[in-house]
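Trainee: Okay, here's the structure, questions in a sec.
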Amino acid sequence: MEDNNKSSRSKRKCSFCGLPEKQVGFMLEGQGVYICNNCVERAHEIVQEIIGKQQPEVNDLDLKELPKPKDIKEFLDQYVIGQDDAKRYLSVAVYNHYKRLLQPADQNDVEIEKSNIIMVGSTGTGKTLLARTIAKLLHVPFTIVDATVLTEAGYVGEDIESILTRLLQASDYNVEEAERGIVFIDEIDKIARKSDNPSITRDVSGEGVQQGLLKLLEGSVVNVPPQGGRKHPDQKMIPVNTKNILFICGGAFDGIERKIAQRLNTHVVGYRSVNETVKIDRSNLMQYIAPQDLKSFGLIPEIIGRLPVLTYLNPLDRVALRNILTEPKNSIIKQYVKLFAMDGVTLEFEPEVFEYIVDKAVEYKLGARGLRSIVESIMMDTMFEIPSNKVEKYTVTLDYAKEQMGKANLSRLQMA
């Protein structure tokens, strides 16, 4: 009986590829049919590819299913404190972007044009956080790119087309999906023209990049290298139409307040000028920003014209910094509490510690980004010691926080 079974097994062949059992890893048996492990893997790949193609696309979505501007803002409120104006602009822009994608392709109908956005705000006010948070909610491909690495074609750095390479990667190289995506270009102020006058030399990371961005922002077919990097003559390119890609730009524009003050004429001597500037809030000049301020900072007029929606982020005051520390869903303090909880330790802070951290953040003028480095300085020794000790509860006191910050500042002075 055993010999008969061995002989029957030796004669078994895969019903798909025809290979005998000896030449494959193993064989699965059904009702009179067999399939080898190689064919199982190939079948799995084919099924996954078919399922991926059957996923609902943006054009299959109903307008009723889309998140409304209020819904988008409420979602942003869970993660980002304040900045209501920027949230409203961003929520409306994303919602209108969806509606552009769903508009009927009727040549006689009104065609809705896209409204690219530029957000201006000092460092640490939440520009990149807004972009990362809204990416969690979207039904379209979304990518964040850094403008500081961009240069003109032929120079060391990344070509402008690498922006679209990131979008293709986010959409698994589905060109149709990528052509309906959203791109957030961070640090847009770093490609400002180096002087108010057109450069007589090659400004390869400033004005040259702005000129290259024009074709992306206005909508055109761009040949994109699939793996990014430099273009090569023999390289296969992927044509991408940027007509329906929404671009959101963000930058700190450090020093632009001086340009705004000059335009508002806040420093002119005279009785009449004083009366006229009483209503101007000099502590937050960013709220008065206008396109001409961006031009005087170094953006070329063509770029400004293709970023028609201009919004700003308010500087963070003490109340906002205090709320950022503890309130958001993934606040800094909640992150440290979770880190300690993973070691079985209950972490608590005295309320005075939060006020001390905010005081230091205001002193360093780093915005919300500075909160993280301050808390890290206070908690470093504790995070080093606690995992090795059997502690169930630890409370951070004000005296301990001051002691740790004093040590951190002293070490920095010694390094300097």
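The values are calculated or read from the model by the stated rules, or taken from the named source; none is laboratory data. Given the structure is predicted, the values throughout are model-derived calculations rather than measurements. Cβ coordinates were reconstructed from backbone atoms using ideal geometry, including for glycine residues, and neighbour counts include every protein chain displayed. Ligands, DNA and RNA are stripped out before the accessible areas are found, and what is left, the full protein with its side chains, is counted by its heavy atoms. Shrake-Rupley method; radii C 1.70, N 1.55, O 1.52, S 1.80 Å.
Trainee: In nm, to one decimal, how far is the modelled label at residue 110 from the one at residue 148, with both set 7 Å along Cα→Cβ?
Mentor: Placing both labels 7 Å beyond Cα along the Cβ direction yields 4.3 nm.
Trainee: Another question, if that's okay. If r is the Cβ-Cβ distance from residue 137 to residue 65 and R0 is 22 Å, what FRET efficiency results, to the nearest 0.05?
Mentor: Efficiency for this residue pair is about 0.95.
Trainee: Given a cut-off of 24 Å, name the pairs among 99/136; 127/236; 338/393 whose C-alpha atoms lie farther apart than that in the structure shown.
Mentor: 127/236
Trainee: Considering only protein heavy atoms, with the full assembly of protein chains and a 1.4 angstrom probe, order 142, 26 by accessible area, largest first.
Mentor: 26, 142
Trainee: Given a Förster radius of 41 Å and the C-beta distance between residue 348 and residue 123 as r, what FRET efficiency does 1/(1 + (r/R0)^6) yield to the nearest 0.05?
Mentor: Using R0 = 41 Å, I get an efficiency of 0.85.
Trainee: Rounded to the nearest 10 Å², what accessible area does residue 44 show when all protein chains are kept and the probe is 1.4 Å?
Mentor: Approximately 110 Å² for this residue.
Trainee: How much of residue 115 can a 1.4 Å solvent probe reach, expressed as accessible area in Å² and rounded to 10?
Mentor: Result for residue 115: roughly 50 Å² accessible.
Trainee: Let me ask you something else. What accessible surface, in Å², does a 1.4 Å probe find on residue 319, ignoring ligands, DNA and RNA and rounding to the nearest 10?
Mentor: Number for this one is 100 Å².
Trainee: Ok, one more. Which of the lysines could a cross-linker bridge to residue 295, judged by Cα under 20 Å and excluding same-chain residues fewer than eight apart?
Mentor: Of all the lysines, those that pass the test against residue 295 - Cα under 20 Å, at least 8 places apart if same chain - are 190, 194, 215, 259.
Trainee: Could you tell me the calculated FRET efficiency between residue 403 and residue 318, based on Cβ-Cβ distance and R0 = 25 angstrom, to the nearest 0.05?
Mentor: The formula returns an efficiency of 0.60 here.
Trainee: Using the Karplus curve 6.51 cos²θ - 1.76 cosθ + 1.60 with θ = phi - 60°, work out ³J(HN,Hα) for each residue of the range 286-293 in order, rounded to whole Hz, and write x for Gly and Pro.
Mentor: After applying 6.51 cos²θ - 1.76 cosθ + 1.60, I find 4, 5, 9, 4, 9, x, 5, 5 Hz.
Trainee: Largest first, how would 400, 336 line up by accessible area (1.4 Å probe)?
Mentor: If we order 400, 336 from most to least accessible, we get 400, 336.
Trainee: Straight-line reach from residue 360: which lysines have a Cα under 17 Å away, not including same-chain ones fewer than 8 places off?
Mentor: Here the lysines satisfying the reach criterion relative to residue 360 are 402, 407.
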